[in-house]
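Shown next, in structure tokens, is the structure this report addresses.
The values are calculated or read from the model by the stated rules, or taken from the named source; none is laboratory data. Here the structure is a predicted model, which means the values were calculated and not measured. Glycine gets a Cβ as well: all are built from the backbone with ideal geometry, and neighbour counts include every protein chain shown. Side chains included, ligands, DNA and RNA excluded: accessible areas come from the protein's heavy atoms. Shrake-Rupley method; radii C 1.70, N 1.55, O 1.52, S 1.80 Å.
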Amino acid sequence: MTFNANRDFIRWIIILSSFIIISLILWNTYSFFQKFKAEERNKMQTWTFAYPEYTKYFYQDGIELNSIAERIIIDSTVTTPMVLLDKNNKILNERNIDSSVLKSPTKMVDFINKLISQNEPIEVELHNKEKAKLYYGNTPLLNKLKYYPLALLLIILLFAAVVYFFYKSSKTAEQNKLWTGMAKETAHQIGTPLSSLVGWTEILKTENVNSNYILEIEKDIDRLQTITERFSKIGSAPTLQEQDIVEATSSSFEYLKARSSKLINFKIEHPETSISVKLNAQLYSWTIENLVKNAIDAMKGKGALQLEITQKEKLVFINISDTGKGIAKQQFNKIFEPGFTTKKRGWGLGLSLAKRIIEDYHNGKIKVLHSEIGKGTTIQIAMKTI
């Protein structure tokens, strides 16, 4: 208990530390961005001071006389998109603007609105005392810096996802290894008394015992042998053989029917012809039994249970319907997760095993086809035919 508490405490410390580090990085990035914007505005203001001086000498003498002003004009606008407009919205100067924008009045208006959204315009007093406005945008460096936090968050999220899936896969592999070991050990433990039962059955045959009793005992022994073989196959790739799925399904269904409550109305519908699929009969019958037993539990031992087999093109569908309590729609996928159960007693492994047998071993699909609270559920298996 103390170990789990310490582990949870360390986990929260790591999460909190990560959150603080990310917050500091984002805050520093924002501070850098604001600092660069302030420096960019200072450059633009310097430009507005130099431009009237530069144009004053240029227009007065016809030649450039103020090299300092010219240097400021050039250096301040190396990459900054900007446009200077007089009171009549005539372009007096522009830098780093695409020619297609300059030729289109509509595009120019949109471009100026974009510049206004990025930075507040600066008023300029020209050499002839007239007023003008300087509109300027962010430099490419500022635009890149603006998206840097998003890129950083994306990298962090991707890294977190990799760590999460690595942890989840490791945990799943560990759980699978545990269940495989338990299943094989169970098969081994069942094997010893099962051998003794076979011997005792042979002895009973020599005694004056009703043959029907012995026949039923042999059926249950065969059943135990099947269960043992099922558990022994957990964790290893099963052998698939061409078999008639109609016969395999019917035999499993009839076996459970004979050993279930008489208050349940069992019904099966299937084609008269055989349907061949690649199948491991033992594991498949385990799936059918799990689904039927779940249906019986959902009906609390009383109701109607129907199994229907249909074929459509290259697929065969097995629908198992009950008149039980039903499943909420948000639980359609959860019921196939290991450990999920709505029963007071149970480990929640039946449907997860069924899903693994059908989808991982037989390349089929299993899903809740339909369910309504208080009316019942239909679970469907779909498999490819040969």
Looking at the structure I just gave you, is residue 289 of a type in the set (Asp, Glu), open to solvent by 20 Å² or more (accessible area, probe 1.4 Å) and either assigned to a loop (DSSP other than H, G, I, E, B) or under 17 Å from residue 247 (Cα atoms) (or both)? no
Of all the residues that make up the stretch 188-230, how many are open to solvent by less than 60 Å² (accessible area, probe 1.4 Å) and either part of a loop (DSSP other than H, G, I, E, B) or in contact with a Cys (Cβ under 8 Å, 6 or more places away or on another chain) (or both)? 1
When you scan the stretch 298-309, do you find a residue that is of a type outside the set (Asp, Glu), over 23 Å from residue 265 (Cβ atoms) and open to solvent by 10 Å² or more (accessible area, probe 1.4 Å), even just one? no
Looking across the stretch 10-53 at residues that are within 23 Å of residue 79 (Cβ to Cβ) and basic (Lys, Arg), the single one that is least open to solvent (accessible area, probe 1.4 Å) is 37
Residue 250, sole failed condition from (1) more than 14 Å from residue 379 (Cα to Cα); (2) open to solvent by 50 Å² or more (accessible area, probe 1.4 Å): (2)
Against the conditions (1) within 30 Å of residue 140 (Cβ to Cβ); (2) small (Gly, Ala, Ser); (3) modelled with pLDDT under 75, where does residue 31 fall short? Just the number, please. (3)
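Quickly run through the stretch 188-222 and pick out the residues that are under 25 Å from residue 350 (Cβ atoms) and either modelled with pLDDT under 75 or β-branched (Val, Ile, Thr) (or both).
188, 189, 190, 191, 221
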Across the stretch 99-122, what is the total count of residues that are open to solvent by 60 Å² or more (accessible area, probe 1.4 Å) and within 28 Å of residue 32 (Cβ to Cβ)? 5
All conditions in (1) among the β-branched types (Val, Ile, Thr); (2) open to solvent by less than 20 Å² (accessible area, probe 1.4 Å); (3) under 30 Å from the mean Cα position of the chain (by Cα) are true of residue 277 except (3)
When you go through 100, 76, 104 one by one, which is the residue that is modelled with pLDDT under 85 and of a type in the set (Ser, Thr, Tyr)? 76
Can you name the residue in the stretch 137-170 that is under 18 Å from residue 80 (Cα atoms), touching a residue at least 40 places away in the same chain (Cβ under 8 Å) and part of a helix (DSSP H, G or I) and, of all such residues, is least open to solvent (accessible area, probe 1.4 Å)? 142
Between a residue in the stretch 312-324 that is assigned to a strand (DSSP E or B) and any residue that is among the charged types (D, E, K, R) and open to solvent by less than 70 Å² (accessible area, probe 1.4 Å), which pairs come within a Cβ distance under 9 Å, given they are 6 or more apart or on different chains? 317/308; 318/308; 319/308; 320/308; 321/308
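Looking at the stretch 339-349, is at least one residue within 35 Å of the chain's Cα centre (by Cα) and in a helix (DSSP H, G or I)?
Within the stretch 339-349, none of the residues are within 35 Å of the chain's Cα centre (by Cα) and in a helix (DSSP H, G or I).
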Taking the residues in the stretch 79-97 that are under 47 Å from the mean Cα position of the chain (by Cα) and polar (S, T, N, Q) as candidates, determine which candidate is modelled with the lowest pLDDT. 79
